[in-house]
Amino acid sequence: MKKAYLGIDIGSISTKGVIIDEDNRFLAECYLWTEGNPTEATKKVLHSLEKQFDGETYRIVSSGTTGSARKLVGSMIGAQVVKNEITAHAVGTTTLHPDVRTILEIGGQDSKIICVENGVAVDYAMNTLCAAGTGAFLSSQAHRLGVEVEEFGEIALKAKKAAPIAARCTVFAESDLVHKL
């Protein structure tokens, strides 16, 4: 039997799961909303992964968790590796792109910049003042604008000029957006 590895990222907004082989090829994947219930979201992710997974060819030999509920879910599934998302981002990104030096991560409740040297996270910073620029804020604004959040990048690249929006507070940023509509 070939070896496979299970990874779950349990965030405040979404839960992601993947099973990969020894060459980092995806064998199964799932992405869904956490909906405030990381335990139930994990069960749904595992069920989805199981339906996609070829258990006759592969055997899961190790599992790991990351994200805001990493310890809870790590305990639930008997994970061998439980890592914070800064470490997980650095290892995952540099495994696929060894020359990366900077990682920007927009999570559901915070945003981070991670500085990497030789595949190791050497420094990071995260927003501490407000939820502006987080996934939850961006998602709610996408809904307000009637577009998918995944379209934001493409739309932004077409802009002739930047819209003045308060950058430090979601209340002010949201107020700016409402007045622009």
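Values in this text are rule-based calculations from the coordinates and carry no lab data. Predicted, not measured: the structure shown is a model, and the values here were computed from it. Backbone-built Cβ (ideal geometry, glycine too); neighbour counts: all protein chains shown.
Table for the structure above
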{"read-out": "Label-point separation, Trp33 to Asp54 (7 Å along Cα→Cβ), nm", "value": "3.4"}
{"read-out": "Reach of Lys43 by Cα under 16 Å, taken over lysines that are not fewer than 8 positions away in the same chain", "value": "Lys16, Lys51, Lys71"}
{"read-out": "Hits among lysines - C-alpha to C-alpha of Lys158 under 28 Å, sequence gap 8 or more where chains match", "value": "Lys112, Lys180"}
{"read-out": "Net length gained if the chain between Ala159 and His47 were fully extended (0.36 nm per residue, minus Cα distance)", "value": "36.2 nm"}
{"read-out": "His143-Met1 FRET efficiency (beta carbon distance; Förster radius 35 Å; 0.05 resolution)", "value": "0.20"}
{"read-out": "Estimated FRET transfer efficiency (Lys71, His97; beta-carbon r; R0 41 Å; 0.05)", "value": "0.90"}
